[in-house]
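The block underneath contains the structure these notes are about, expressed in structure tokens.
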Amino acid sequence: MTDSNSTFSTDLLTWYAHNKRSMPWRSDRPNPYHVWISEIMLQQTQVAAVKPYFRRWITEFPHVGALAEADQEEVLKLWEGLGYYSRARNLHKAAIMVMRDFGGVMPNTLTDLRKLPGVGAYTAGAIGSIAFGLDVPVVDGNVKRVLARVFEIDTAINTPAGEKEIWALAETLVPAGQAGDYNQALMDLGATVCRPKNPMCLLCPVKDSCQAQAQGLQQQLPVKKKKKPVPHYDVAAAVITHAGKILLAQRPQDKLLGGMWEFPGGKLEAGETMEVALAREIQEELAMEIAVGEHLITVGHAYTHFKITLAAYACTWLAGAPQAIECADWKWVTIAQLGDYPMGKVDRTIAAMLQSQAD
């Protein structure tokens, strides 16, 4: 590590000692299980949103054994609203692996951590450094932004070349024996001071090391390659009622929102009306014939790689016993039972509307 890099790390750690954010998973003696859960929850999710979920999770699943013993549906229900549900499924699978392959003890090497479902290079580095004191870097969005500005990296950070350059630099900066605090300091700095827009350079503890600050390039860095336009789809969903109950379908495990429950339906094809598309989708998914009735609600939602506008319709079952053809399972449930099943945001909105109308 060069003298200038050493100054950067020292200034950052000094700042962190007095300014670190209070987190329910942070402590002087980090709990590896807590660190793991928090790092998975923090993927693609803001700290403020994660805190209440983390507290509820630790109350319900206080240790890895409790998580491993839970049903997947319990896990998904507790995760509901946090999004990116593959994280919850992977946590459950990983907990079972820890109990089976590691004697119920969180693995403490990067090699073994990377064996856990849902644990990539960043998460392994975070757990390894924070929970076990390994001298390894972490690189997330906050870290990329800080390092791109401080060291004037003009390669687009959201490209393979940019990722490689940032990781190579990050590995040279980790101060021996202090990786956990250093990595958390970098993430805190990016979240609170070196923000994407309007960075607070005058308050920055590493401004004397920052090349972007020296050259007035804070707003130009980091460089990012423009993303392709996000596609939009129109989707129809059926609220099928029969004998006082509503039909729910469970999404396949290997699909988006795998294991979650939904009001069945699907995307419109070219030239279709909502009603025609919905009748076709229910036939293909459940082998049922339905009559599509009144429009109930329209909900918009953005996922990672696409957006949807979903219209839900009241429907009547005409013929054909439900079959799990393009879904994992199906159930007839009462309106009062809708809250018992884990759902994505769109379907939960529909369920909430139905429940409010029934009150």
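Laboratory data are not the source of any read-out in this text; all were calculated from the coordinates shown. It should be emphasised that the depicted structure is a prediction, and the values quoted were computed from it without experimental measurement. Reconstructed Cβ throughout: ideal geometry from the backbone, glycine too, with neighbour counts over all protein chains shown.
How would you rank Thr109, Thr59, going from fewest to most other Cβ atoms within 10 Å of each one's own Cβ? Display every interim value, and only then the final one.
Working: Thr109 12, Thr59 9.
Arranged by neighbour count, lowest to highest, Thr109, Thr59 become Thr59, Thr109.
Sorting Ser9, Ser86 on the 10 Å Cβ count, fewest up front, what's the list?
Ser86, Ser9
Run the Debye formula on the Cα coordinates of segment 232-358, all scatterers equal and no solvent, and tell me log10 I(q)/I(0) at q = 0.17 1/Å.
-0.83
Rounded to a whole number of µm²/s, how large is the Stokes-Einstein D of the chain at 10 °C and 1.306 mPa s, given Rh as the Kirkwood radius over C-alpha pairs? Intermediate results must be reported in sequence, preceding the final value.
Working: Rh = 22.9 Å.
Value of D from the Cα-based Kirkwood radius: 69 µm²/s.
Kirkwood-based Rg over Rh for segment 38-86 (C-alpha set), two decimals?
So for segment 38-86, dividing Rg by the Kirkwood Rh gives 0.94.
For an R0 of 35 angstrom, estimate the FRET efficiency from the Cβ-Cβ distance between Gln215 and Arg55 and round to the nearest 0.05.
With a Förster radius of 35 Å, E is 0.20.
Could you order peptides 320-333, 232-245 by the average number of other Cβ atoms within 10 Å of their residues, highest first?
Packing order, densest peptide first, comes out as 232-245, 320-333.
Longer than 27 Å from Cα to Cα, which of Lys164/Lys207; Lys77/Lys267; Lys77/Lys245; Lys144/Lys226; Lys51/Lys224; Lys20/Lys51 are they? Say none if no pair is.
Going by Cα-Cα distance, Lys51/Lys224 fall outside the 27 Å limit.
How long are the three semi-axes of the equivalent ellipsoid for segment 6-82, computed from the Cα gyration tensor as the root of 5 times each eigenvalue, in whole Å, largest first?
Rounded to whole Å, the semi-axes are 30, 14, 10.
Short version: what are the Cα gyration tensor semi-axes of segment 28-180, square root of 5 times each eigenvalue, largest first, in whole Å?
After diagonalising the Cα gyration tensor, the semi-axes are 29, 18, 14 Å.
Name the residues whose placed amide hydrogens come within less than 5 Å of the amide hydrogen of Trp330, ignoring near sequence neighbours (fewer than 5 apart) on the same chain.
Here the answer is Gln250, since their amide H atoms fall under 5 Å of that of Trp330.
Go from 0 up to the bin containing the longest alpha carbon distance in segment 243-312, width 5 Å each, and give me the % of pairs per bin.
3, 13, 21, 29, 22, 9, 2, 0
If one computes the Cα centroid of segment 142-158 and of segment 237-288, what distance in Å separates the two points?
Going from one Cα centre to the other spans 44 Å.
Testing the spin-label approximation: label points 7 Å from Cα along Cα→Cβ at Phe102 and Ala176. State their distance in nm.
In this crude label model, Phe102 to Ala176 measures out at 2.7 nm.
Give me the one-decimal nm value for the distance between modelled label points at Asn5 and Val276, 7 Å along each residue's Cα-to-Cβ direction.
The two pseudo-label positions are separated by 6.3 nm.
R0 = 22 Å: FRET efficiency of Gln46 with Arg114, Cβ-based, nearest 0.05?
0.30
If I take R0 = 45 Å and measure r between the Cβ atoms of Gln355 and Lys225 in this structure, what FRET efficiency does the formula 1/(1 + (r/R0)^6) give, to the nearest 0.05?
0.55
For segment 25-99 and segment 160-185, write down the distance between their C-alpha centroids in whole Å.
With segment 25-99 and segment 160-185 each reduced to a Cα centre, they are spaced 25 Å.
When the convex hull of the C-alpha atoms of segment 152-227 is computed, what volume per residue in Å³ does it have?
Considering the Cα atoms of segment 152-227, their hull volume per residue is 106 Å³.
Given only helices, namely DSSP H runs of n ≥ 4 each adding -39500 (n - 2.57), what is the per-residue ellipticity at 222 nm of the chain, to the nearest 500 deg cm²/dmol? Walk me through the numbers on the way to the answer.
Numbers: 14 runs with 157 residues, N = 359.
Value at 222 nm, helices only: -13500 deg cm²/dmol.
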